[in-house]
Amino acid sequence: MRAVVCGANGAMGQLIREILAEEAVGLVSLDGEHGVPKTFAELPPVDPEVVVDFSHHSAISSVLDYAREQGCAVVVGTTGHTEAEKAMIYQAAQTLPIFYSGNMSLGIAVLCRLACQAAALFPEADIEIVETHHNRKVDAPSGTAHMLFQSIQKARPQAVEHCGRAGEGRRVPGEIGISSVRMGNVVGIHEVHICTGSQTLTLRHEASSRKMLADGAVAAARYVTGKPAGLYDMETMLEER
């Protein structure tokens, strides 16, 4: 596999580079430091099969443009995309194979499945999602929290996201609450609380190392390389496994 890593100087980018080793044929970083090109235009011809993006959501347009130019697959590992940026990804998936996931962990994919099953088995239960990350994380709620909500929504099509709570007002039936905590150097904790009033079921996933995400991203790159155009995610990869 021939991969270009975008966001190569970041924490995740460096881990992915270590895993890919000689398979990382090109590096791009928005900071342009340590001799790494700042833009795709500065890259020499490397004939990539896939671009792995862990830079910043605002860079998605240039990532997709480069992938179109090279005719290669894309792994989108960044989160926090605006609706307009998401639309770019969905549009590009009509002509390119794109792996797009709010979290690259196989464990999170399993958590999403379990959360959906629990929501179906306890249709009247209140459900709250709590996500905790390090104090440097910019976006809130996390992309993974949104993934969990979307999974639950498969069992509850009328469910509505409620991000954060403040002031007065009772909990509205049908809403799924999402709370965000930012502290220290927490890699990532995601909890789904399903409460019927007489019992509470808590599903929890805790990441102990960011390498888990890097391993997942590289697995995603291998999975999507050579695939026909379309939008792929952890769920589709899990199904094939």
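Computed from the coordinates by the stated procedures, all read-outs in this text should not be read as laboratory data. Only a predicted model underlies this, so the values are computations on that prediction, with no experimental measurement involved. Note: ideal-geometry Cβ built from the backbone for every residue, glycine included; neighbour counts use all protein chains shown.
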Determine the calculated [θ] at 222 nm for the chain from helices alone, applying -39500 (n - 2.57) to every DSSP H run no shorter than 4 residues and normalising by the residue count; nearest 500 deg cm²/dmol.
-> -10500 deg cm²/dmol
Whole-Hz couplings from phi, Karplus 6.51/-1.76/1.60, listed for the range 36-45; x for Gly and Pro = 8, x, 8, 10, 5, 4, 7, 6, x, x
Which residue fluctuates the most in the chain, going by a Gaussian network model with Cα springs under 10 Å, if the choices are 224, 63, 138?
-> 138
Going through 86/137; 137/227; 137/211 one by one, the pairs whose alpha carbons sit over 24 Å apart turn out to be 137/227
For the range 10-122, rounded, prolate or oblate, judged on the Cα gyration tensor with a ≥ b ≥ c (square roots of eigenvalues), a/c < 1.5 rounded, else prolate if a/b > b/c?
-> prolate
The chain, Gaussian network, Cα under 10 Å: of 196, 144, 225, the residue fluctuating most is 196
Residue 19 versus residue 117, label points 7 Å from Cα toward the beta carbon: distance in nm?
-> 2.5 nm
Within the range 135-192, GluC sites (Glu not before Pro) in DSSP loop having at most 10 other beta-carbon neighbours inside 10 Å = 168
Measure of compaction for the range 150-241 (Cα Rg per 2.2 N^0.38 Å) = 1.42
Taking the DSSP beta bridges in the range 106-207 as the whole, what percent of them are antiparallel, to the nearest 5?
-> 60 percent
Residue order, fewest to most beta carbons within 10 Å, for 38, 211 | 38, 211
Over the chain, one equal point on each Cα, no solvent: what is log10 I(q)/I(0) by the Debye formula at q = 0.08, 0.12, 0.17 Å⁻¹?
-> -0.32, -0.69, -1.25
Per Stokes-Einstein, at 37 °C and 0.692 mPa s, what whole-number D in µm² s⁻¹ belongs to the range 106-207, with the Kirkwood radius over Cα pairs as the hydrodynamic radius?
-> 238 µm²/s
